[in-house]
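Single-structure report; data block below.
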Amino acid sequence: MNTQVMNDRPVLLDRLALNLGSKPIAWLRALAAPASGILLFLLIWHLAAPTVVTSLGTVPGPVQVYQQFRALVAEHRAERQKEKAFYLRQEKRNAIKLAKNPDTRIRIRKYTGNPTFFDQIVTSIYTVMAGFLLASLIAIPIGIVAGLSKPVYAAINPLVQIFKPVSPLAWLPIVTMIVSASYVTDDPWFEKSFLNSAITVLLCSLWPTIISTAVGVTNVSKDLQNVSRVLRLNWWTHVRKIVLPSAIPMIFTGLRLSLGIAWMVLIAAEMLSQNPGLGKFVWDEFQNGSSNSLGRIMVAVIVIGLIGFLLDRIMLLLQRKVSWDKSVALR
């Protein structure tokens with residue numbers, strides 16, 4: 001037995017070395033095509049940009065855009081330093097007041113400096129996730145009920161087809177007027193600008209999730225449905241044990257589509273309504289008209305695309321966690 005193991009050891013070591021060596025090669029092959037595409041795009045951009053002249057000068061190339069990104073980073077750090085200094089001065093003044101009179105009422109003033117590019121990113125992500133999550137909480141139950149009931153599906157299908165193609169630019173004025181009229185309070189929990197953008201996102205991102213969820217529910221295997229009948233599962237148990245696990249791939253397809261639409265809708269809504277966020281940043285730079293504005297707008301465009309890509313990857317990873325199809329994150 002020991003002799004056999006000794007004889008097989010070189011073969012096992014060779015196989016192990018081959019497997020370990022193949023992983024870096026596989027990674028390189030997987031990255032080669034995307035890296036080549038990106039490098040080719042950057043090369044074409046670098047060569048073509050100087051040939052296009054606008055009212056603000058030539059279109060900035062990759063190097064100029066990167067320089068503007070660094071400038072935005074420096075501005076963000078400088079603004080954070082101003083904020084820190086503001087609160088330090090306020091603490092010193094309050095400490096002096098308390099030293100003179102311990103009963104003095106202290107007021108903490110909020111820093112009101114201009115939001116930086118990165119502050120706008122955080123605002124946009126927060127707003128889009130709020131609208132998207134609310135839309136999902138509404139759309140998934142509606143899609144499940146529609147998929148289980150033909151009369152319900154027939155009732156809501158015309159509404160979906162009518163409202164699905166409506167532009168956010170049409171929804172936004174209606175939402176703004178309704179929020180302004182109904183959300184009247186002296187101590188608001190949320191800013192009206194946030195509600196306007198989030199509700200507009202909600203109204204535009206409902207429909208893909210409703211449709212995909214309904215399709216996923218109607219395509220549940222007949223065998224699984226027969227098992228549910230044999231076991232005499234009640235409606236809720238049938239949905240939880242049979243319908244949802246089978247429909248999860250289609251539900252997440254709808255969620256991914258909805259999230260992509262939500263992100264695009266938000267940027268347009270922020271630009272039109274001048275609500276805080278990346279859309280407002282782009283519009284402000286366009287209105288500014290400085291020599292650096294075009295480069296800053298292109299930084300924002302690239303960041304918007306990267307955030308959209310990351311949001312989609314996050315949805316894929318989440319789907320892989322809850323779905324029986326563990327290969328989904330590799331697609």
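The values are calculated or read from the model by the stated rules, or taken from the named source; none is laboratory data. Just so it is clear, the structure is predicted and the values come from calculations on it, not from any experiment. Glycine also receives a Cβ, built like all others from the backbone with ideal geometry; neighbour counts cover every protein chain displayed.
Structure data summary
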read-out	value
So Thr218, is it modelled with pLDDT of 85 or more and either touching a Lys or Arg at 6+ places or on another chain (Cβ under 8 Å) or crowded, with 20+ Cβ neighbours inside 10 Å (or both)	no
The one condition in (1) touching a residue at least 60 places away in the same chain (Cβ under 8 Å); (2) among the hydroxyl-bearing types (Ser, Thr, Tyr); (3) over 30 Å from Ala269 (Cβ atoms) that Ser136 fails to fulfil	(3)
Entirely in segment 233-331, the helices (runs of 4 or more DSSP H) that have 2 or more residues that are more than 20 Å from Ser136 (Cβ to Cβ) and in contact (Cβ under 8 Å) with a residue 40 or more places away in the chain	244-273, 278-288, 293-322
Number of positions in segment 140-196 that are loosely packed, with under 14 Cβ neighbours inside 10 Å and either aliphatic (A, V, I, L, M) or closer than 17 Å to Ile267 by Cα (or both)	13
In segment 305-326, residue farthest from Pro249 (Cα to Cα) [restricted to those that are modelled with pLDDT of 85 or more and of a type in the set (Gly, Ala, Ser)]	Gly305
Number of the exception - Tyr66 against (1) over 27 Å from Leu42 (Cβ atoms); (2) of a type in the set (Phe, Trp, Tyr); (3) modelled with pLDDT of 90 or more	(1)
Residues being farther than 22 Å from Gly277 by Cβ and part of a loop (DSSP other than H, G, I, E, B) - total across segment 64-115	9
Qualifying positions in segment 139-166 - outside any helix (DSSP H, G or I) and free of Cβ contacts under 8 Å to residues at least 24 places away in the same chain	Ser149, Pro165
Cross-chain or 6+ apart pairs with Cβ under 8 Å, segment 181-207 first and within 12 Å of Ala130 (Cα to Cα), then modelled with pLDDT of 85 or more and charged (D, E, K, R)	Ser197/Glu270
